[in-house]
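The values are calculated or read from the model by the stated rules, or taken from the named source; none is laboratory data. Quick caveat: nothing in here was measured; it's all calculated off a predicted structure. In this analysis, Cβ positions are derived from the backbone assuming ideal geometry, glycine residues included, and neighbour counts consider all displayed protein chains. Accessible surface areas use protein heavy atoms only, side chains included; no ligands, DNA or RNA. Shrake-Rupley method; radii C 1.70, N 1.55, O 1.52, S 1.80 Å.
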Amino acid sequence: QVQLVESGGGLVQAGGSLRLSCTAASRIIFRINAMGWYRQAPGKQRELVAAITSGGNTNYADSVKGRFTISRDNAKNTVYLQINSLKPEDTAVYYCNGWPVYLYNWGQGTQVTVSS
């Protein structure tokens with residue numbers, strides 16, 4: 001059963017922007033829990049880049065502060081990640097899941113590739 005669907009990735013030039021979306025299947029779980037965006041680059045471990053609580057409080061990895069913005073729409077069971085000023089080192093597969101607890105099975109992710 002697919003529980004999370006990520007979308008919005010693509011190939012962009014450095015300095016460009018993307019908006020990622022992640023829709024969760026379970027409205028109840030989504031609305032009462034914090035969600036996070038994670039990424040995994042080739043040969044590296046998956047890392048948290050941004051998180052948002054059910055009340056809208058946010059936190060970011062130092063490497064993305066000022067460039068990434070996480071938001072959520074509880075009515076749509078969707079969490080977003082606005083990515084600006086993309087850098088080649090942002091290239092990775094981006095996933096969403098609960099935070100700090102992984103509440104869902106991992107989705108397929110969405111590939112972000114940044115060319116220099």
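Looking at this structure, is Asn105 more than 14 Å from the chain's Cα centre (by Cα), open to solvent by 60 Å² or more (accessible area, probe 1.4 Å) and either in contact (Cβ under 8 Å) with a residue 60 or more places away in the chain or more than 23 Å from Gln13 (Cβ to Cβ) (or both)?
Yes, satisfied.
Just for the stretch 81-102: of the residues that are assigned to a loop (DSSP other than H, G, I, E, B) and closer than 22 Å to Ala34 by Cβ, which one is nearest to the chain's Cα centre (by Cα)?
Trp99
Would you check if there is a residue in the stretch 64-74 being part of a helix (DSSP H, G or I) and in contact with a strand residue (DSSP E or B) (Cβ under 9 Å, 6 or more places away or on another chain)?
Checked against the condition, which is being part of a helix (DSSP H, G or I) and in contact with a strand residue (DSSP E or B) (Cβ under 9 Å, 6 or more places away or on another chain), the stretch 64-74 yields no hits at all.
So which residues in the stretch 59-82 are open to solvent by 60 Å² or more (accessible area, probe 1.4 Å) and among the aliphatic types (A, V, I, L, M), if there are any at all?
Hit for the stretch 59-82 is Ala75, nothing else.
Could you please give the count of residues in the stretch 83-105 that are within 17 Å of Pro42 (Cα to Cα) and at pLDDT below 95?
Residues flagged as within 17 Å of Pro42 (Cα to Cα) and at pLDDT below 95 within the stretch 83-105 amount to 0.
Name every residue in the stretch 83-101 that is crowded, with 21+ Cβ neighbours inside 10 Å and among the acidic types (Asp, Glu), in order of residue number.
Result: Asp90, single match.
Every residue, every condition in (1) in contact with a helix residue (DSSP H, G or I) (Cβ under 9 Å, 6 or more places away or on another chain); (2) within 18 Å of Gln111 (Cβ to Cβ); (3) at pLDDT 95 or above; (4) among the polar types (S, T, N, Q), yes or no:
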{"residue": "Ser26", "(1), (2), (3), (4)": "no, no, no, yes"}
{"residue": "Asn33", "(1), (2), (3), (4)": "no, no, no, yes"}
{"residue": "Tyr38", "(1), (2), (3), (4)": "no, yes, yes, no"}
{"residue": "Thr69", "(1), (2), (3), (4)": "no, no, yes, yes"}
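Of everything in the stretch 25-62, what is touching a residue at least 12 places away in the same chain (Cβ under 8 Å) and acidic (Asp, Glu)? Give them in sequence order.
Glu47
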